[in-house]
Amino acid sequence: MAGHATVTKGSMPVYFAHPHSPWERGSNENLNRIVREYFPKGTDITSDPKYLAMVACDINDRPRKIHNWKKPSEIFAELVELDASTA
């Protein structure tokens, strides 16, 4: 958020949700809920790169309703393939 002025100088709009309005941050709140399964409130987040990579892999391997039940990892692979085919 600190660098938003630099980003918005171009043509990229930035949206800020209103304070105390979690319904305006749906995907953020959903991801927070998923992350809390691995790191409950009050626990220290480990700096072990292997564990963090495992958590990221688990999270990216979950089907999401917003992606028509595709996994984020599948969406990413499709985008990479599309980019490679247009290059």
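The values are calculated or read from the model by the stated rules, or taken from the named source; none is laboratory data. Nothing here was measured: the structure is a model prediction, and the numbers come from that model. Heads up, the Cβs are rebuilt from the backbone with ideal geometry, glycines too, and the neighbour counts pull from every protein chain shown.
What tally of residues in the range 17-43 results from selecting those that are among the small types (G, A, S) and in contact with a helix residue (DSSP H, G or I) (Cβ under 8 Å, 6 or more places away or on another chain)?
Qualifying residue count, the range 17-43: 2.
Taking the options T46, T86, name whichever one is touching a helix residue (DSSP H, G or I) at 6+ places or on another chain (Cβ under 9 Å) and at pLDDT below 90.
T46 is the lone residue from the list that is touching a helix residue (DSSP H, G or I) at 6+ places or on another chain (Cβ under 9 Å) and at pLDDT below 90.
Would you say K65 is loosely packed, with under 10 Cβ neighbours inside 10 Å, over 26 Å from A77 (Cα atoms) and modelled with pLDDT of 75 or more?
Working: loosely packed, with under 10 Cβ neighbours inside 10 Å: yes; over 26 Å from A77 (Cα atoms): no; modelled with pLDDT of 75 or more: yes.
Answer is no for this residue.
Please enumerate the residues belonging to the range 4-29 that are surrounded by 10 or more Cβ atoms within 10 Å (Cβ to Cβ) and among the polar types (S, T, N, Q).
Answer for the range 4-29, where residues must be surrounded by 10 or more Cβ atoms within 10 Å (Cβ to Cβ) and among the polar types (S, T, N, Q): T8, N28.
If a residue has to be assigned to a loop (DSSP other than H, G, I, E, B) and touching an Asp or Glu at 6+ places or on another chain (Cβ under 9 Å) to count, how many in the range 17-43 make the cut?
2
What about S73, is it assigned to a helix (DSSP H, G or I), exposed (fewer than 11 other Cβ atoms within 10 Å of the Cβ), at negative phi and free of Cβ contacts under 8 Å to residues at least 60 places away in the same chain? Outline the logic, then answer.
Working: assigned to a helix (DSSP H, G or I): yes; exposed (fewer than 11 other Cβ atoms within 10 Å of the Cβ): no; at negative phi: yes; free of Cβ contacts under 8 Å to residues at least 60 places away in the same chain: yes.
No: the conditions fail for S73.
Picking from N32, N60, which residue would you name as being without any contact (Cβ under 8 Å) to a residue 40 or more places away in the chain, surrounded by 11 or more Cβ atoms within 10 Å (Cβ to Cβ), more than 24 Å from A2 (Cα to Cα) and of a type in the set (S, T, N, Q)?
Answer to the selection: N60.
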